[in-house]
1. Using alpha-carbon positions, what is the distance between the centroids of segment 47-64 and segment 92-143, in Å?
2. Rg(Cα) of segment 44-123 divided by 2.2 N^0.38 Å?
3. In Å and from the alpha-carbon atoms only, list the Rg and Dmax of segment 43-191.
4. Mind sorting MET173, MET137 by how few other Cβ atoms lie within 10 Å of their own Cβ, fewest first?
5. Among LEU162, LEU69, which comes first, then next, by fewest other beta-carbon atoms within 10 Å?
6. Can you put ARG72, ARG93 in order of Cβ neighbours within 10 angstrom, beginning with the fewest?
Amino acid sequence: MKIRSLLKTSSIVFFCRAIVCAVVFVSPSPASAGAFGGASAVSFNREESILESYRSFTGEKTPDTLRNLFSRKNHVFLQEPAIVIADGTTRVRVSIRVFGQREQLPRFLVSGGTCLDVQKKNNSLWVLDIVPNKGSMASSVTVLSGNTMVEYPLVVAPPLNLVDAKNADPVVMEYVTIANELASVGENPSQK
């Protein structure tokens, strides 16, 4: 199969682990997996971001219901602080439980930010220190372990002074405002 047709039928994802980078082909069907030297296709799952949940919320918008939209209960992924203001300097610590193949180390892709450190805490727990890009509302960590790839969006919002309130989508402006309020008091909606 030529590279050109391979690119038309597959997504290419770049992963960095420490200094070593790899290219992973995400095949849309097992039939095209043979084009990758017999490797099986990688399954991909993406968790819904808090901003996406916020956008799709149709219930009554009270202060408590809007705050509750920022909560995330996940036994595999933990973000500390629970809400990070993307000022370009604030670090967020992400703990991820990686299950599956033990022969290969998992690979992590940070989108919308910079990974400063990766540590293996035990057989399944990995901790990443990340600084989201200044003004970001869409930072994430994608984990490739074996044939499974999962993207975990971070709960990030830009500082209020970086948002043009006159031209911003009202839902986005409301999300950014509440995120900044919750982050400023150190409130963790996941613990309520």
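1. 25 Å
2. 1.33
3. 15.7, 53
4. Fewest-to-most ranking of MET173, MET137: MET173, MET137.
5. Ranked by crowding around the Cβ, least crowded first: LEU162, LEU69.
6. Working: ARG72 20, ARG93 15.
Ascending Cβ contact count within 10 Å gives the list ARG93, ARG72.
Read-outs throughout are calculated quantities, based only on the coordinates presented, and are distinct from any laboratory measurement. Bear in mind the structure is a predicted one, so any value in this text is a computation, not a measurement. Heads up, the Cβs are rebuilt from the backbone with ideal geometry, glycines too, and the neighbour counts pull from every protein chain shown.
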